[in-house]
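Comments concern the structure below.
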Amino acid sequence: MVPGEHSSGGKQTLLGISKRGNSYLRRLFVQGAPSVLQQRHRQAPALSSWLAQLLARKHQNVVIVALANKLVRMAWAVLCKGEHYRAPVLAVST
């Protein structure tokens, strides 16, 4: 499952989860996302705050698919780079 991409003029735009590829794997990510959402207080602060902001604006089902998309991107990056997972950190604005 590679995230869809549309690039033009040096600007990279990542799209949602594509319908190509393994539909079973895509279904597993979407079905697993509600449990991550339910346990968001245990997640990294950056992911937890992102989820809280998204839930304030969007319906829960939309947030679940967005979270599944984010989880796929994280898993894809870890597999491609061959590194261990590092929790995202909050950006500090000055």
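The numbers here are math on the coordinates, done by the rules we state, and not lab data. Note that the structure is predicted; figures quoted are calculated from it, not measured. Reconstructed Cβ throughout: ideal geometry from the backbone, glycine too, with neighbour counts over all protein chains shown.
Take 60-68, 38-46, 23-31 and order them by the average number of nearby Cβ atoms within 10 Å per residue, most first; the result is 60-68, 23-31, 38-46. Residues in the stretch 52-65 carry Karplus couplings, in order, of 4, 5, 5, 5, 5, 9, 10, 5, 4, 5, 5, 5, 4, 5 Hz; the curve used is 6.51 cos²θ - 1.76 cosθ + 1.60 with θ = phi - 60°, and Gly or Pro positions show x.
If R0 is 22 Å, the Cβ-Cβ spacing of A46 and A77 corresponds to a FRET efficiency of close to 0.90.
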